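A short worksheet on the structure shown next.
The values are calculated or read from the model by the stated rules, or taken from the named source; none is laboratory data. In this text, all values refer to a predicted model and were calculated from it rather than measured experimentally. Methodologically, a virtual Cβ is constructed for each residue, glycine included, from the backbone with ideal geometry; neighbour enumeration extends over all protein chains shown. Remember, those area values only see protein heavy atoms, side chains included, never the ligands or the DNA or RNA. Shrake-Rupley method; radii C 1.70, N 1.55, O 1.52, S 1.80 Å.
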Amino acid sequence: MAAVPDAENLLFTPDGRLFVSGGTNVYEVVRTGDTTVELTALSATDCNFTGLAYRRETLYASCASGELYAGSLTGTPALTSIYQYTDTALPNGMATGADGSLYIADGPLPGNGGLPSPKILRLQFDEQNPLQVIEQSTWLEAPLAFPNGLVRLGDTLFVTDGEVIPPALGVVRAIRILADGSAGEVTTIATLDGVLDDLSLAGSDLVVTEFSTGRVVRLAPDGRQLSATDAGGFAFPSSVIVGQAPMFLPGEWLVTEKGLIGDTTSAFGNQLTVLRPLTP
C-alpha cells in the first residue's frame, strides 16, 4: 500500500486520522484510493521512531534516541522533541491511561548501545499543558524480560514480552492498573511460537504481530488463539491495527512490515500493508 522506511507502529485517533512511525520519521496517512495512500512527514528531524500515543488532542511519538516527541493535532502536526527519558534503553510501545498518563515499554533490547532495562515507565503531564512532562516513574519491572508492545483495555494493560527461564520467545502478559495507579498482579495469558512485537485491540480481542514468524495472531482476552495468518506471510510484521472510518473499513487491517531492522531502503519490508478480509 505504501513504502514506510523501517515501518514500526500505527495509531488511529478517535476521528479516524491514521499515523505510522518508522526508522526515519512519523507520517500521517491519507487514503487516496483502494490501495493507495499519501504520506506526510511530521518531524523536521530524522529519528528512529517507535511507539505512538494520543491524548488531549496531541500526538506523541517515542524515539530510540531516548526522546519523546509530540505535537498538537492541527491540520498538519509538527512533531518536536519535548522530553528526554532518563535511564532507558529503548522507549518503545506506548499506551494511554484512563487518567491521562502515558505508559511506555522500555525494551525489548537496547537501542543506545547500553544495557537492557526491561520495565514499563509512566509519564504524567501538566494538567494545563499536554506538552509538559512533570514526572517519570517506573511503573513495573519484574517479571518483564523483553517488553515491547502495549495496549490498554479498560483497567488492564497488555504487554508483549519474552521469558528467559523457562525460555519462551513470545508471551503476552496482563497487568491491572489499580485504583491508586500502581501495578497489580502480572498474569501471563498466552505463550506463542515466535518473538512478538506490538499488539492492538479488535473489539475486546487482542491482535498480535509475531515478528519472527511473519504472522498476525488474534487472541481472546483470556489468551486463547482464535485465528492466525500463515507463517511467513509478512516481512517481519511490527504492528497491526483494525481499520477505522472514514478511510478504512473494520474488515481492513493495516500491518507494518519492518523487514530487516535498520534497513530503510530495500523492497523487503519497509511497507504499510492492508490485509483483508478479516472479521473484527
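Placing unit charges on the Cβ atoms only, positive for Lys and Arg and negative for Asp and Glu, gives segment 2-275 a dipole magnitude near 200 debye about its Cα centre. Taking trypsin sites (Lys or Arg not before Pro) across segment 207-277, the ones in a DSSP loop with at most 16 further Cβ atoms lying within 10 angstrom of their Cβ are R224. Site pair L201 and A245 shows an inter-label distance of 1.8 nm when each label is modelled 7 Å from Cα along Cα→Cβ. In this structure the chain gives 41 Å² per residue of accessible area when probed at 1.4 Å with all protein chains present. Paramagnetic label reach from V186 (point 7 Å along Cα→Cβ; backbone nitrogen cut-off under 13 Å): within segment 156-170, residues 158-166.
What's log10 of I(q)/I(0) for segment 19-90 at q = 0.11, 0.18 Å⁻¹, Debye sum over Cα points only, no solvent? Each listed q maps to, in turn, -0.27, -0.66.
What percent does the relative contact order of the chain come to when contacts are Cα pairs within less than 8 Å and at least six residues apart? For the chain, the relative contact order is 14 percent. Contact order for segment 1-115, expressed relative to its length and based on alpha carbon pairs under 8 Å spaced 6+ residues apart, stands at 17 percent.
Applying 1/(1 + (r/R0)^6) with r as the Cβ-Cβ distance of S212 and T265 and R0 = 25 angstrom yields a FRET efficiency of 0.65. Counting only protein heavy atoms and a probe of 1.4 Å, the accessible surface of segment 1-135 is 50% carbon and sulfur. Residues whose amide H comes within less than 5 Å of that of D263, counting only those at least five positions distant or on another chain, are absent (H built at 1.01 Å from N in the peptide plane).
So for segment 165-240, considering every pair of alpha-carbon atoms, how many percent are separated by more than 19 Å? Result for the distance tail: 37 percent. At full extension, R276 and E141 could sit 44.9 nm farther apart than now, given 0.36 nm per residue minus the alpha carbon distance. Amide H contacts for A168 (H built 1.01 Å from N in the peptide plane; partners 5 or more residues away or on another chain; cut-off under 5 Å): E163.
Length gained on full extension, A3 to A179, computed as 0.36 nm times the residue gap minus the Cα-Cα distance: 59.1 nm. The order of the peptides 264-273, 30-39, 90-99 by mean Cβ neighbours within 10 Å, most packed first, is 90-99, 264-273, 30-39.
Working note: Debye formula, equal point scatterers on the alpha-carbon atoms of the chain, no solvent; log10 I(q)/I(0) at q = 0.07, 0.16 Å⁻¹ is -0.21, -1.29. In a DSSP loop and with at most 16 other Cβ atoms within 10 Å, the GluC sites (Glu not before Pro) in segment 70-145 are E127, E141.
Here the 3J(HN,Hα) profile of segment 18-29, calculated from phi with Karplus coefficients 6.51, -1.76 and 1.60 at θ = phi - 60°, is 10, 10, 9, 9, x, x, 10, 6, 10, 10, 8, 10 Hz, Gly and Pro shown as x.
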